[in-house]
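For reference, the structure discussed in these notes is given below.
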Amino acid sequence: MDVLLKSLAYFKVRSLEILGNSEIKAEMKKRYPEPSFSKDLKDLIYFDSVPNESFTELLDYIQIHNDTVILFNRIHSSSSEFEKWSRFVEDEKITVSIDLFHCGMVFIRREQAKQHFYIRI
């Protein structure tokens, strides 16, 4: 959750979606009323675990833009979670991925070459 909180300020998040953990979503709404949870394009999307769907399938129900940050919690919690994370990283639409061990971030910046980073925090 610490990475999520710091990301709000760093990326100047105005629209946010939290999927998979209603407690975190309720806490975020209470502590940070500024970011909108509306149906607009999202600046940041948080998944409490890596979803089973492919990235293309996710695009059916999440709205993103070129600078959207997608944060996945617990990417190394099990081998199956890491396997799902790896599929996201390999997707051709994902240009930048950051493995922070406890969580991972992906970006869809079309103008950027594909890169993957490992940062232990």
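Bear in mind that the values in this text are calculations on the coordinates, not laboratory data. This one's a predicted model, so the numbers in the text were calculated from it and none came from an experiment. Methodologically, a virtual Cβ is constructed for each residue, glycine included, from the backbone with ideal geometry; neighbour enumeration extends over all protein chains shown.
Summary of values
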quantity: Segment 54-113: chymotrypsin sites (Phe, Trp or Tyr not before Pro) in DSSP loop, at most 14 other beta carbons within 10 Å; calculated: Tyr61, Phe101
quantity: Whichever aspartates and glutamates have a C-alpha closer than 15 Å to that of Lys30, once near sequence neighbours (fewer than 8 apart) are set aside; calculated: Glu17
quantity: Antiparallel bridge percentage (DSSP; both residues within segment 2-118; nearest 5); calculated: 40 percent
quantity: Cα-based helix-to-principal-axis angle, 22-31 vs the chain, degrees rounded to 10; calculated: 50 degrees
quantity: Alpha-carbon centroid distance for the pair segment 74-94 / segment 1-72, whole angstrom; calculated: 17 Å
quantity: Among Ser22, Phe11, Leu44 the positive-end extreme of the charge dipole of the chain (Cβ point charges); calculated: Phe11
quantity: Rounded to 10°, Cα long-axis angle of helix 79-90 versus longest principal axis of the chain; calculated: 90 degrees
quantity: Per-residue [θ]222 nm for the chain (sum of -39500 (n - 2.57) over DSSP H runs n ≥ 4, rounded to 500); calculated: -8000 deg cm²/dmol
quantity: Computed FRET value (nearest 0.05) for Arg87 with Glu23, which takes r as the C-beta separation and R₀ as 35 Å; calculated: 0.85
quantity: Two-site FRET efficiency, Ser77 against Tyr32, from Cβ-Cβ distance with R₀ of 35 Å, rounded to 0.05; calculated: 0.85
quantity: Answer label, with mean projected area of the Cα convex hull in nm² calculated from the coordinates and candidates [x] 6.3; [y] 7.1; [z] 7.6; calculated: [y]
